[in-house]
Amino acid sequence: MKTTYLGLELRSPVIVASSPYTADAEHIARCIHHGAGAVVIKSIFEEEIVRHAAALSCASPDAGMGDAGEYLERYLGDEHLARHLQLIEAAYKSGKSGETAVPVIASINCIAGSDGWADYAAAMERAGASALELNIFLQPTDHHLTASELERTYADTVCKVAEAVAIPVAVKLPQRLTNVLAVADALVGRGARGAVLFNRFFEPDIDIERLAFSVGSPYSHSSELRNVLRTVALCTTAVPQLDIAVSTGVHDGNAAVKALLCGARAVQICTAIHLYGYPVIDTIGAFIDAWADRHGFTSIEEFRGRMDYGHAADDVYQRTQYMKYYRDLCETAQAPMNR
């Protein structure tokens, strides 16, 4: 069942998220073969390039070049970007080879304030990317920095990229924002066409015997979808100009339909592929089609947003829902038992 996302027509609302499954041409081809509506190329991380250059510079301090660090950073950055652009070009050709074109969405994660945001974006557009996804996260470590100042940086970054390219731009947002709706509105004002909810970050654990950090699971759980649905329902009502994709907790067709009912135009999957393999892309798409047919819908637009904030029949998106829930439980517990 077709959908539109970022102004692009997709053969399916199931998008493969930026991940190891979109890190090379072979994996991308498998995603496309199994029915993906679009693929988001694994992010290019400017921070990785900078750290790699710093490590090499420290490893050979007597290289005889006073500006060795800057040279290495520029050289590694150009080399890394060149490989990334080759992947985009290969994915673009793979997406064009079938009967239905599959858009390739490039993903960028740069350092705050870096010129790399616009430079990388322009290069990726030339390589054949149909859209861009900006993977932005600014760790709030400065206690003097206000929430509004932090959020303004997100909007300013989008503005730089949107002015540098003609293709649509989406932003992958973190969950920990004071007012997601205000940020979404600011993004639209700076030229964004879409938002991905939400960015799932590496969460370290602690080994209390070794007194050291340990690696937490990088995979999502299906229960995490609940953290996203409310925001999607609110955002698609308050800022309808912004196309929303749900990126966390979508492990099956049931979850995908819920996201669409809340107003999302697409869902992004990664953990589902890890758990069930590439055929899960087909399975989720088939579930959406079967569910829609069972309920008499012939297109996604006929049911998309049926459960958003503007269409909610009661106050399920208000905090009173929780109070009512406990009140109903108490009333049930206090009712006399039938004998």
**Study point:** Number of positions in segment 180-210 that are touching a Cys at 6+ places or on another chain (Cβ under 7 Å), over 18 Å from P168 (Cβ atoms) and open to solvent by 50 Å² or more (accessible area, probe 1.4 Å)
**Key:** 1
Revision key, fill the gap. Per the filter on segment 234-249, residues among the hydroxyl-bearing types (S, T, Y) and either assigned to a strand (DSSP E or B) or more than 11 Å from F198 (Cβ to Cβ) (or both) are T236, T237
**Study point:** Condition met for F213 (part of a strand (DSSP E or B), at pLDDT below 90, aromatic (F, W, Y) and exposed (fewer than 13 other Cβ atoms within 10 Å of the Cβ))
**Key:** yes
Exercise for review: Test A272 against the criterion of being among the small types (G, A, S), without any contact (Cβ under 8 Å) to a residue 24 or more places away in the chain and buried (at least 21 other Cβ atoms within 10 Å of the Cβ), and give yes or no.
Suggested key: yes
Point to revise | Looking only at segment 3-17, and only at residues there that are open to solvent by less than 30 Å² (accessible area, probe 1.4 Å) and assigned to a loop (DSSP other than H, G, I, E, B), the one that is farthest from V188 (Cα to Cα) | key: S12
Review point. Looking at (1) open to solvent by 40 Å² or more (accessible area, probe 1.4 Å); (2) at pLDDT below 90; (3) more than 20 Å from A36 (Cβ to Cβ); (4) among the polar types (S, T, N, Q), which is the one condition that is false for Q86?
Key: (2)
Point to revise | Residue among L56, L76 that is open to solvent by less than 40 Å² (accessible area, probe 1.4 Å), on the phi < 0 side of the Ramachandran plot and either modelled with pLDDT under 70 or in a loop (DSSP other than H, G, I, E, B) (or both) | key: L76
Revision key, fill the gap. Selection from segment 235-256 of residues surrounded by 20 or more Cβ atoms within 10 Å (Cβ to Cβ), touching a residue at least 60 places away in the same chain (Cβ under 8 Å) and farther than 18 Å from C270 by Cβ yields T236, D243
Exercise for review: Spot the failing condition for L6; the list is (1) within 19 Å of F287 (Cα to Cα); (2) touching a Pro at 6+ places or on another chain (Cβ under 6 Å), and only one is missed.
Suggested key: (1)
Point to revise | Matching residues, segment 159-179, being open to solvent by 80 Å² or more (accessible area, probe 1.4 Å), more than 16 Å from N135 (Cα to Cα) and in contact (Cβ under 8 Å) with a residue 40 or more places away in the chain | key: E163, A166
Review point. When both residues are 6+ apart or on different chains and their Cβ atoms are under 7 Å apart, which pairs have a first residue that lies in segment 134-158 and is under 24 Å from R193 (Cα atoms), and a second that is open to solvent by 70 Å² or more (accessible area, probe 1.4 Å) and outside any helix (DSSP H, G or I)?
Key: A147/T178; L150/P140; A155/R190; V158/R190
Practice item. For A166, work out the one condition from (1) in a helix (DSSP H, G or I); (2) over 19 Å from the mean Cα position of the chain (by Cα) it doesn't fulfil. Key: (1)
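The values are calculated or read from the model by the stated rules, or taken from the named source; none is laboratory data. This structure is a prediction, so every number in the text was calculated from the model and none was measured. Using ideal geometry, Cβ is built from the backbone for each residue, glycine included, and neighbour counts are taken over all protein chains shown. Surface accessibility is based on the protein's heavy atoms, side chains included, excluding ligands, DNA and RNA. Shrake-Rupley method; radii C 1.70, N 1.55, O 1.52, S 1.80 Å.
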